[in-house]
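Engineer: Here it is, the structure, as structure tokens.
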Amino acid sequence: MDRINFTVNGERFSLTGTEVSPHTTLNDYIRNFLQLHGTKAMCHEGGCGACVVSVAQVHPVTKEKEIFAVNSCLVHILSCHDWDITTVEGIGNRKDGYHPIQDRLATFNGTQCGYCTPGWVMNMYSLSTATKNLTTRQVEDSFGGNMCRCTGYRPILDAFKSFATDTDPDLQNKLQDLEDLHIKRCAKKCTRKCSTSDDEWCVIEDKQGSLMQLHTGAGRWYKAFSVQDVFKVLAREGTNSYRLVAGNTGRGVYPLKVEPKILIDISSIEDLKLTNSDENLILGAGVSLSEAMRTFQQWSKKYADFEYLATLYDHLDLVAHVPVRN
């Protein structure tokens, strides 16, 4: 039987699909199944940022590990195959000690009611973990999807900018023992091997590359690894009631009145994640907006004929926000 395998805060989980409904999001699973209530839920549209968690995943094409923030209220739990998910409890807590980001936010009085705080913290955790030589501009550009009705944002941004390599000296002067805080990046040392070829730690069969099928009670969930897989499913199930699932970011804004019986996860199809170039630049339909923006930025600087891509980058920077674009 096919299973969806993932980790949450280092603990492994495996689902067959029958344990959840076709509507169960990552946020539902974290809060209601795992009873981890640090991750909040509010708008259910990916707009407020209270539900943000951090994800580590191996890119289907580059095979490199990527770390990024996502809105857990939009991601279906069965889309989390081979994800390493970290919630706010996983980076620091009262029992094990707080992460420097959590400490820094408190030092700068960046939280009042606190409901939005976990989302801010996890977005910053993803950004700082994935970005070398973080700049204040990158901090400013990464939180368009995190709302706060209490603080007025300034203390939050000041706290996060204090981690940047070009931070204002005035911010550094507000801190004590700044050097020690910069050294501590993780709540505890990771002991797991990072090689993607080393699967000794996992006792679950790796079915990467094989079409997966799970029964959800109301229908079936397929995880495709090739375009051919998608056509196999459509030939088998027909086209009367199906939906392709990728980022699933339209879920909150454009809810369906009737859920399709067949859901096909296309987020791991390598052909849709490719970026090809000759005299033209071709992006696969599955390339995320964040990845497209990085490509536009690189090409606009590298090739004179593609300088116009800088304008496209600026436009996409106005579309949604970082976790949605991820």
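Engineer: Just check the range 209-293 against the gyration tensor rule for me: Cα atoms, a ≥ b ≥ c as the square roots of the eigenvalues, rounded for a/c under 1.5, and otherwise prolate or oblate depending on whether a/b exceeds b/c. Kindly include the intermediate steps, with their values, before the conclusion.
Structural biologist: Values: a/c = 2.52, a/b = 1.53, b/c = 1.65.
Oblate.
Engineer: Summing -39500 (n - 2.57) over the DSSP H runs of n ≥ 4 in the chain and dividing by its residue number, what mean residue ellipticity at 222 nm do you reach, to the nearest 500 deg cm²/dmol?
Structural biologist: On the way: 11 runs with 87 residues, N = 326.
Roughly -7000 deg cm²/dmol at 222 nm, from the helical runs in the chain.
Engineer: Roughly what angle does helix 227-237 make with the longest principal axis of the chain, taking Cα atoms, 0 to 90 degrees, to the nearest 10?
Structural biologist: That works out to roughly 50 degrees.
Engineer: Arrange Lys63, Lys257, Lys273 by Cβ neighbour counts within 10 Å, fewest through most, would you?
Structural biologist: Lys257, Lys63, Lys273
Engineer: How would you rank Ser290, Ser267, going from fewest to most other Cβ atoms within 10 Å of each one's own Cβ?
Structural biologist: In order of increasing Cβ crowding within 10 Å: Ser290, Ser267.
Engineer: Can you give the FRET efficiency to the nearest 0.05 for Lys261 and Met1, using r as the Cβ-Cβ distance and R₀ = 22 Å? Spell out each step's value before the answer.
Structural biologist: On the way: r = 20 Å, r/R0 = 0.89.
Taking R0 as 22 Å, the efficiency between Lys261 and Met1 is 0.65.
Engineer: Can I ask one more? What spacing in nm lies between the two simple spin-label points modelled at Ala310 and Gln35, each 7 Å away from Cα in the Cβ direction?
Structural biologist: Each label point is offset 7 Å from its Cα along the Cβ direction, giving 5.5 nm.
Engineer: According to the square roots a ≥ b ≥ c of the eigenvalues of the Cα gyration tensor, what is the shape class of the range 2-69, taking rounded for a/c under 1.5, prolate for a/b larger than b/c otherwise, and oblate for the remainder?
Structural biologist: The shape class here is oblate.
Engineer: Between His37, His215, His315, find the one with the highest GNM mean-square fluctuation for the chain; connect C-alpha pairs within less than 10 Å.
Structural biologist: Highest fluctuation of the listed residues: His315.
Engineer: Which cross-chain or sequence-distant (5 or more) residues have an amide H under 5 Å from the amide H of Cys73, H modelled 1.01 Å from N in plane?
Structural biologist: Asn27
Engineer: Oh, and also: Work out, step by step, the length gained on full extension between Thr135 and Glu270: first 0.36 nm times the residue separation, then minus their alpha carbon distance; give nm to one decimal. Intermediate results must be reported in sequence, preceding the final value.
Structural biologist: Working: separation 135, 0.36 × 135 = 48.60 nm, distance 3.18 nm.
So the extension gain works out to 45.4 nm.
Engineer: Bin width 10 Å, alpha-carbon pairs only: give the P(r) of the range 98-183 as whole percents, running from 0 to the bin holding the largest distance.
Structural biologist: 17, 58, 24, 0
Engineer: Direction-averaged shadow area of the convex hull around the Cα atoms of the chain, nm²?
Structural biologist: Mean orientational projected area (the chain, Cα hull): 18.5 nm².
Engineer: Now for a different question. Which residue, Tyr222, Tyr242, Tyr125, has the most motion in a Gaussian network model of the chain that connects Cα atoms within less than 10 Å?
Structural biologist: Tyr242
Engineer: Compare the Cα positions of Tyr308, Val322, Met293 along the charge dipole of the range 275-325 (+1 at Cβ of Lys, Arg; -1 at Cβ of Asp, Glu; about the Cα centre) and return the one farthest towards the positive end.
Structural biologist: So the residue we want is Val322.
Engineer: At 0.36 nm per residue, and after removing the present C-alpha to C-alpha distance, how many nm does the segment from Lys65 to Arg12 gain when stretched out fully?
Structural biologist: Details: separation 53, 0.36 × 53 = 19.08 nm, distance 1.79 nm.
My answer for the length gained is 17.3 nm.
Engineer: Please arrange Lys261, Lys161 by counting, for each residue, the other beta carbons lying within 10 Å of its beta carbon, fewest first.
Structural biologist: Lys261, Lys161
Engineer: From the phi angles alone, apply the Karplus equation (6.51, -1.76, 1.60; θ = phi - 60°) to the range 58-72 and give each ³J(HN,Hα) in whole Hz, x where the residue is Gly or Pro.
Structural biologist: 7, 5, x, 9, 6, 6, 9, 6, 10, 10, 8, 8, 9, 7, 5
Every read-out reported here was derived from the displayed coordinates using simple, explicitly stated rules and does not represent laboratory data. Just so we're clear, the structure is a prediction, and the values are computed from it rather than from any experiment. When we count neighbours, we look across all protein chains shown, and the Cβ atoms used for this are built from the backbone with ideal geometry, even at glycine.
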